[in-house]
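Accompanying notes for the structure given below.
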Amino acid sequence: MPSSADSPDGVPPSGGSPGDPQKASTIRDVALAAGVSKSTASRALLGQPGVSRANLEKVQRAIEQLDFVPNQIARSLSVPSPATLGLFLRSAEYPFYGHLAKGFAAEAGVRGYEVLSVSSFDQPDDANYQSLMVLAGLRAAGIVVASPVVDPLTIRRVAARVPLVLVGQMGQASNPDVPFVAPDPDDGVVLIEHVAALGHTSVALTAVLPEHSPTQWVRIQRMRTHLEARGIRNRIVTIGPETNFVDLVSGLHEAAVTAVLCNNDFAALDVLAAAAHLGLSVPGDLSVAGFDGLPPFDHEAVGLTTFRVPTAGLAAAAVDLVHKLIRDEEVERGGVFIPGELLISRTTGPAPAP
């Protein structure tokens, strides 16, 4: 049976009846073989929500049985167009990823690329693989992955087929040859220096579990190391969807913590709301800072001290890297780190008197 390698664009030749070796399988064939609707098969291929695990497995088996590659979708889209870059986002609902996507599209446009983006919404990794292969199949010249939770094996398999760059994360130890672009992991140290200069000697750091954001965890650990080197008492508080911030802030205040440095701006707002509920003055009783510093959290009306992550710089560096890979230009091993900017506002101030 002819393979996708037998044609210049990676799409097998067509002709004949369904199942005939001369005809490429279609999404209808996949749906029929899997015993699901065409729309379900399409959603499974695109990594969209609403597909059960059982149906996802049926579609994957059908894909293997029919030797179907998502390149088939490209047949109906193969009109003359500028080269395309694929952008695989964790979720455009979060400000960081939304602003990253905006910057990526702008920079890609300057280089003459169009952008096709897909969001993972933290789907199972086998679905991540199918979504990434869809991007590869739609003639993406290169792919940028902006999701820190894609399995290294999936990254390795896709990177073997198409130029690939990671962005917003500090690479993967098992994929040292895959280039990455990340915020400077020492950015959090700048926040430490800020509260230390204000006289704070007891600081709490909020964080999500490492598996949910490995890059954030590296930053938090470096912040803690810097706090300990300065002799500042500290604690890491793990937070999640079920966290009761009123109880959390109450406990920190009782433990004489005077500054809370949050893993992102959403958490900082939750801490501020809890402090208001408890009648604590900010920054009189408690200083609070966020991280990300993206609109609308950087607005003067919010007044939040935060650290702005350079999404435009990250996007530009990612486009530059993938562009070089596409052109077979030399790319240095390791990553590119882009520093951000401290935004000082009304939620941090001098430590309260003992």
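The values are calculated or read from the model by the stated rules, or taken from the named source; none is laboratory data. Bear in mind the structure is a predicted one, so any value in this text is a computation, not a measurement. Because the Cβ atoms are built from the backbone with ideal geometry, glycine has one as well, and the counts that use them run over all protein chains shown. Just so you know, the surface numbers come from the protein's heavy atoms only, side chains and all, with ligands and any DNA or RNA stripped out. Shrake-Rupley method; radii C 1.70, N 1.55, O 1.52, S 1.80 Å.
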Students often forget the sequence filter, so: which aspartates and glutamates lie under 20 Å Cα-Cα from K58 once same-chain residues fewer than 8 apart are removed?
D29, D67, D125, D126
Using the Karplus equation 6.51 cos²θ - 1.76 cosθ + 1.60 (θ = phi - 60°), what ³J(HN,Hα) coupling, rounded to whole Hz, does each residue of region 203-213 give in order, writing x for Gly and Pro?
10, 10, 10, 8, 7, 8, 4, x, 5, 7, 7
Loop-resident sites, region 220-299, for GluC sites (Glu not before Pro), counting at most 13 other Cβ within 10 Å (DSSP)
E242
Using amide H atoms built 1.01 Å from N in the peptide plane, name the residues 5+ places from I143, or on other chains, whose amide H lies under 5 Å from its own.
G86, L164, V165
Quick check: with the 1.4 Å probe, what order do V115, V195, V51 take by accessible area, largest first?
V115, V51, V195
Classified through the alpha carbon gyration tensor (a ≥ b ≥ c as square roots of its eigenvalues; rounded if a/c is under 1.5, else prolate when a/b is larger than b/c, else oblate), region 134-231 comes out prolate
Can you tell me which aspartates and glutamates have their Cα less than 19 Å from the Cα of K324? Leave out same-chain residues fewer than eight positions away.
E107, E114, D177, E332
Find the centroid of the Cα atoms in region 136-172 and in region 235-250, then give the distance between the two in whole Å.
34
Quickly work out the L32-to-E228 label distance, labels modelled 7 Å from Cα along the C-beta direction, and quote it in nm with one decimal.
6.3
In whole Å, what is the distance between the alpha-carbon centres of region 290-319 and region 209-231?
19
Top to bottom by accessible area (1.4 Å), largest first, where do M170, M223 land?
M170, M223
Output the 0 to 90 degree angle, nearest 10, between the alpha-carbon long axis of helix 265-277 and the longest principal axis computed from the alpha carbons of the chain.
40
Note down the nm distance, to one decimal, between modelled labels 7 Å out along Cα→Cβ at I344 and at R161.
5.1
Which Cα, out of G142, L56, T348, lies furthest along the positive dipole direction of the chain (beta carbon charges, K/R +1, D/E -1)?
L56
Suppose we look only past 24 Å in the calculated P(r) of the chain. What percent of the Cα-Cα pairs does that tail hold?
61
Have a look at F104, V282, T215 and report the one farthest towards the positive end of the charge dipole of the chain, computed about the Cα centre with Cβ charges (Lys/Arg +1, Asp/Glu -1).
F104
Tell me the angle of helix 245-254 to the major Cα principal axis of the chain, expressed in degrees between 0 and 90 and rounded to the nearest ten.
30
Only Lys, Arg (+1) and Asp, Glu (-1) charged, at Cβ; the chain dipole about Cα centre in debye:
560
Would you mind checking the tilt of helix 95-110 against the longest principal axis of the Cα atoms of the chain, expressed as 0 to 90 degrees and rounded to 10?
50
N234 long-range amide H proximity, modeled H, under 5 Å:
V203
Hey, if we sort I239, I344, I155 by accessible area with the 1.4 Å probe, largest down, what's the order?
I344, I239, I155
Taking amide H positions as placed in the peptide plane 1.01 Å from N, state which residues far from V336 in sequence (5 or more) or on other chains have amide H under 5 Å from it.
F180, V181, A182
Kindly state, to the nearest 0.05, the FRET efficiency for D125 paired with T238, given R0 = 30 Å and r defined as their beta-carbon distance.
0.80
